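> Would you mind keeping the following structure in view while I ask a few things?
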């Protein structure tokens, strides 16, 4: 099967670009002297996880550690041989049974908390848990301030729990996405590192072990001056890349590894528009690139040539309905180039959101139009 044979809309993956992106970040982690624990919230695929952890192993020689955003991902990756797993979303007490069951099966699962209430629930739970305390390094979404009394209170509860333990601290500088210059990114990366290290030192000063000091986002991983005192980093979007990350300088447009294939299904020459069979469900309605200003705004996705992946005349999807994507053509001659039935790639604004609509990737290699594999994804929670 070839790219041109695919039913649309569908999700494609350039394996060569994934390998290149992952090799670049692995080299960066080695340069910084920390372990790389890739976040699989983006790829949600065992095959991508294998590429992202290539050359990395845990203490037992098994595949390197990974990060997940759902317990469904944790179960799926454990079934594919990954045992060292961080579940990087604050866990409610209602999910402790599922987490303990995965640990009982042999997973080295670390869960995330930021409250005394959940620490108490963990201490009272009959299962065994290892927990990381989330530190707020400036995004103000979740997490504890690195010098807050609540930090030590949580650590003490976990330290004295009969069946559970404190595994360490982690933080996520999601606000790095608001940076628009290398200086912005470096400042956020410094604050991220400082908050995590300060929290770990405060816990250790209380006589409690804090082995893991975990930080991570794709921009801060790339722009950090150093990660002294940190043990691991957890970037994720870099594996596939997207238009927003390209817009803030994390990588180039030609590093974007995943795209939606769509077909031209209608022309409206009076309005100067064409319609694709990929709308809000196939692409998501993410508009993150709008924050990049007029030159960086890619609408709901950037059109690219099906075979080469090169952008097509700067065309973007300017409007979406459930199953329709509307493209404005600045030149009527483009109707002939993009005739009805023509297939194009649509590069995603926020790849994590776009790929979530699909159960698998149609995989090919750069420079070829042959589909060489179909890789599954693990959606759900």
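The values are calculated or read from the model by the stated rules, or taken from the named source; none is laboratory data. All of these numbers come straight from a predicted model, not from anything done at the bench. Every residue, glycine among them, receives a Cβ derived from its backbone with ideal geometry; neighbour counts consider all protein chains shown.
> Based on what the data block shows, is residue 154 part of a strand (DSSP E or B), in contact with a strand residue (DSSP E or B) (Cβ under 6 Å, 6 or more places away or on another chain) and either modelled with pLDDT of 95 or more or outside the structural domain of residue 75 (by TED's automatic domain parsing) (or both)?
It is false that residue 154 is part of a strand (DSSP E or B), in contact with a strand residue (DSSP E or B) (Cβ under 6 Å, 6 or more places away or on another chain) and either modelled with pLDDT of 95 or more or outside the structural domain of residue 75 (by TED's automatic domain parsing) (or both).
> Sticking with this one: Consider residue 360 carefully, then state whether it is in contact (Cβ under 8 Å) with a residue 12 or more places away in the chain and in contact with a strand residue (DSSP E or B) (Cβ under 6 Å, 6 or more places away or on another chain).
Judged against the criteria, residue 360 is a match.
> Same structure, new question: For the range 157-167, what are the residues that are touching a helix residue (DSSP H, G or I) at 6+ places or on another chain (Cβ under 7 Å), surrounded by 22 or more Cβ atoms within 10 Å (Cβ to Cβ) and assigned to a strand (DSSP E or B)?
Selection gives 166 alone.
> Taking the range 242-260 on its own, how many of its residues are crowded, with 22+ Cβ neighbours inside 10 Å and touching a strand residue (DSSP E or B) at 6+ places or on another chain (Cβ under 8 Å)?
7
> Identify all residues within the range 168-206 that are outside any helix (DSSP H, G or I) and either surrounded by 17 or more Cβ atoms within 10 Å (Cβ to Cβ) or at pLDDT below 95 (or both); write none if there are none.
Those that are outside any helix (DSSP H, G or I) and either surrounded by 17 or more Cβ atoms within 10 Å (Cβ to Cβ) or at pLDDT below 95 (or both): 168, 169, 170, 171, 172, 173, 179, 180, 181.
> Within the range 89-128, count every residue that is under 18 Å from residue 151 (Cβ atoms) and either within 25 Å of the chain's Cα centre (by Cα) or surrounded by 20 or more Cβ atoms within 10 Å (Cβ to Cβ) (or both).
11
> Among the candidates 102, 112, 96, which residue alone is in a strand (DSSP E or B), in contact (Cβ under 8 Å) with a residue 24 or more places away in the chain, touching a strand residue (DSSP E or B) at 6+ places or on another chain (Cβ under 9 Å) and closer than 26 Å to residue 77 by Cα?
Checking each option against the conditions leaves just 112.
> Inside the range 284-381, counting only strands (runs of 3 or more DSSP E) that do not spill past its ends, which hold 2 or more residues that are within 20 Å of the chain's Cα centre (by Cα) and either farther than 25 Å from residue 72 by Cα or modelled with pLDDT of 95 or more (or both)?
Those strands (runs of 3 or more DSSP E) span 343-347, 360-364, 373-376.
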